[in-house]
């Protein structure tokens, strides 16, 4: 099998026709969704329609948009599976399923009564206005679609060649245009097509891999033993960090946005449970598909090995479909994150007078796109580094206080939330840049950030009392 990343050599005219048809179907889905858009008479109702589809998201659309939104980093996931095998299924699968179930059974009903529009809006109702602003900053950096801009750039570069920055820029521009045009409804209806294509694609790759090379026996003969270990040769502490990062789902704005947009809490809960079943199947397909790529092409470049392998194991026609499926996987997450990051700017970070202005949202999306492109170049295409860098702050600082507020409402005040989170930020930043030597050497910054946030929450009442005593 060829290790060459030039995808043109594997594609026939029939493949290109299928590829273009899938893209056209996505475009028509966006147009159809836009036609269904409710024409609201006032600006406030229009904003609710733009950001949450007027809270009318039905179960099939909820499932398709939630599943599709979650897998834009397919090159990052398959790279981990190519390099470490089943470690990917644990760190990018099992840990996350636990978080999804917690969200469905313990959070959906609790947040429904707040009638919030965004996660920072919810945090403001739980703690106060300062907490809302700070959580908006966390969310902004958490949903910057840097990893997905990189994924799109890698895809287009593998397909057409050219400089990485140019490929990222062209792809991002297209996504910005249709995200601006139709709001969340455009994102959701494009996700519907992308959901069908992406799930079918990864299943077909695994199906033809088993048909061509055999089952588990083939993999066990041609892969390192560590590929069949859930820890993949990594330490327990490093592996467990991914578990805590997965728990960041409990403070992930995309999950909250879909739940806020759902027609009812029952739709949201059932949608998450069905989506989790789909994710299990999807992760099994991508993990074992990438392991087949490693077994057949052990010397291939890990970041693009999955797509290069897929285009050689499949027959003509299906190659174009698979190519469209991988692109759909990237686009479905990129558009959601881009839209949500722009929403965070316009609705949560700008002054309240801008919240009901459409142009503020449009400017937010454009600004997020430019910033994501710059940071994608800064991270030099390292998707795993993006996830770990940006995910650590949000999970380490927000996770514990938000969960505590669900269990014990009104026990944490506005200032206490801010103080605890800032302690976490300082600790994560310090530990990442100047890690100490000694018995704590090698301790992940996430754990230290979580510890600092918890201590900040506990110490804040004591500090307030001490200030009063000293002042008296």
Exercise. What do you reckon, is residue 300 touching a helix residue (DSSP H, G or I) at 6+ places or on another chain (Cβ under 8 Å), farther than 23 Å from residue 54 by Cβ and in a helix (DSSP H, G or I)?
Worked result: no
Exercise. Of the numbered conditions (1) more than 19 Å from residue 322 (Cβ to Cβ); (2) in contact (Cβ under 8 Å) with a residue 12 or more places away in the chain; (3) under 23 Å from the mean Cα position of the chain (by Cα), residue 177 satisfies every one except a single condition; which is it?
Worked result: (2)
Problem set entry | Qualifying position, being part of a helix (DSSP H, G or I) and modelled with pLDDT under 80, among 376, 293, 328 | 328
For this session: Collect the residues in segment 335-356 that are surrounded by fewer than 24 Cβ atoms within 10 Å (Cβ to Cβ) and without any contact (Cβ under 8 Å) to a residue 40 or more places away in the chain, keeping them in residue-number order.
Result: 350, 351, 352, 353, 354
Exercise. Any residue in segment 322-334 that is surrounded by fewer than 22 Cβ atoms within 10 Å (Cβ to Cβ) and either touching a residue at least 40 places away in the same chain (Cβ under 8 Å) or closer than 30 Å to residue 52 by Cα (or both)?
Worked result: no
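Of the residues 171, 214, 233, 237, which single one is out of contact with any strand residue (DSSP E or B) (no Cβ under 6 Å at 6 or more places or on another chain) and under 20 Å from residue 145 (Cα atoms)? Don't jump to the end; show me each part of the working.
Numbers: 214 fails: under 20 Å from residue 145 (Cα atoms); 233 fails: under 20 Å from residue 145 (Cα atoms); 237 fails: under 20 Å from residue 145 (Cα atoms).
Only one candidate qualifies: 171.
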Exercise. Say we look at segment 206-222 and pick out the residues that are within 17 Å of residue 88 (Cβ to Cβ) and within 29 Å of the chain's Cα centre (by Cα); which of these is surrounded by the most Cβ atoms within 10 Å (Cβ to Cβ)?
Worked result: 209
For this session: Kindly indicate whether residue 184 is surrounded by fewer than 24 Cβ atoms within 10 Å (Cβ to Cβ) and either modelled with pLDDT under 85 or touching a strand residue (DSSP E or B) at 6+ places or on another chain (Cβ under 7 Å) (or both).
Result: no
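Would you mind stating whether residue 197 is buried (at least 18 other Cβ atoms within 10 Å of the Cβ), within 30 Å of residue 54 (Cα to Cα) and touching a helix residue (DSSP H, G or I) at 6+ places or on another chain (Cβ under 9 Å)? Step through it out loud before you land on a result.
Details: buried (at least 18 other Cβ atoms within 10 Å of the Cβ): yes; within 30 Å of residue 54 (Cα to Cα): yes; touching a helix residue (DSSP H, G or I) at 6+ places or on another chain (Cβ under 9 Å): yes.
Taking the combined requirement at face value, the residue satisfies it.
The rows are residues; the columns are (1) at pLDDT 90 or above; (2) at positive phi; (3) in contact with a strand residue (DSSP E or B) (Cβ under 6 Å, 6 or more places away or on another chain).
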residue: 61; (1), (2), (3): yes, no, no
residue: 69; (1), (2), (3): no, no, no
residue: 76; (1), (2), (3): no, no, no
residue: 90; (1), (2), (3): yes, no, no
residue: 117; (1), (2), (3): no, no, no
residue: 128; (1), (2), (3): yes, yes, no
residue: 137; (1), (2), (3): no, no, no
residue: 158; (1), (2), (3): no, no, no
For this session: Quick one: residue 229 ticks every box in (1) closer than 23 Å to residue 322 by Cα; (2) surrounded by fewer than 23 Cβ atoms within 10 Å (Cβ to Cβ) except a single one, so which number is it?
Result: (1)
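Test residue 165 against the criterion of being touching a residue at least 60 places away in the same chain (Cβ under 8 Å) and over 23 Å from residue 24 (Cβ atoms), and give yes or no.
Details: touching a residue at least 60 places away in the same chain (Cβ under 8 Å): yes; over 23 Å from residue 24 (Cβ atoms): yes.
Yes; evaluated as a whole, the condition is true for this residue.
Looking at 378, 359, which is the one that is surrounded by fewer than 23 Cβ atoms within 10 Å (Cβ to Cβ), without any contact (Cβ under 8 Å) to a residue 60 or more places away in the chain and within 21 Å of the chain's Cα centre (by Cα)?
Working: 359 fails: within 21 Å of the chain's Cα centre (by Cα).
From the options 378, 359, the qualifying one is 378.
Taking the conditions exactly as written (modelled with pLDDT of 90 or more, in contact with a helix residue (DSSP H, G or I) (Cβ under 8 Å, 6 or more places away or on another chain) and either within 21 Å of residue 130 (Cα to Cα) or buried (at least 22 other Cβ atoms within 10 Å of the Cβ) (or both)), does residue 423 satisfy them or not? Working first, answer last.
Details: modelled with pLDDT of 90 or more: yes; in contact with a helix residue (DSSP H, G or I) (Cβ under 8 Å, 6 or more places away or on another chain): yes; either within 21 Å of residue 130 (Cα to Cα) or buried (at least 22 other Cβ atoms within 10 Å of the Cβ) (or both): yes.
Yes, satisfied.
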Exercise. So is residue 145 in contact with a helix residue (DSSP H, G or I) (Cβ under 9 Å, 6 or more places away or on another chain) and without any contact (Cβ under 8 Å) to a residue 12 or more places away in the chain or not?
Worked result: no
Exercise. Residue 338: in a helix (DSSP H, G or I) and within 24 Å of residue 141 (Cβ to Cβ), yes or no?
Worked result: yes
Problem set entry | Selection count where residues are more than 25 Å from residue 138 (Cβ to Cβ), modelled with pLDDT under 85 and either part of a helix (DSSP H, G or I) or touching a helix residue (DSSP H, G or I) at 6+ places or on another chain (Cβ under 9 Å) (or both), scope segment 231-268 | 5
Exercise. What pairs come up if the first residue lies in segment 215-240 and is on the phi > 0 side of the Ramachandran plot, the second is at pLDDT 90 or above and part of a loop (DSSP other than H, G, I, E, B), and their beta carbons are under 8 Å apart, counting only those six or more places apart or on different chains?
Worked result: 232/85; 232/86
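The values are calculated or read from the model by the stated rules, or taken from the named source; none is laboratory data. On a predicted model such as this, the values are computed, not experimentally measured, just so you know. Because the Cβ atoms are built from the backbone with ideal geometry, glycine has one as well, and the counts that use them run over all protein chains shown.
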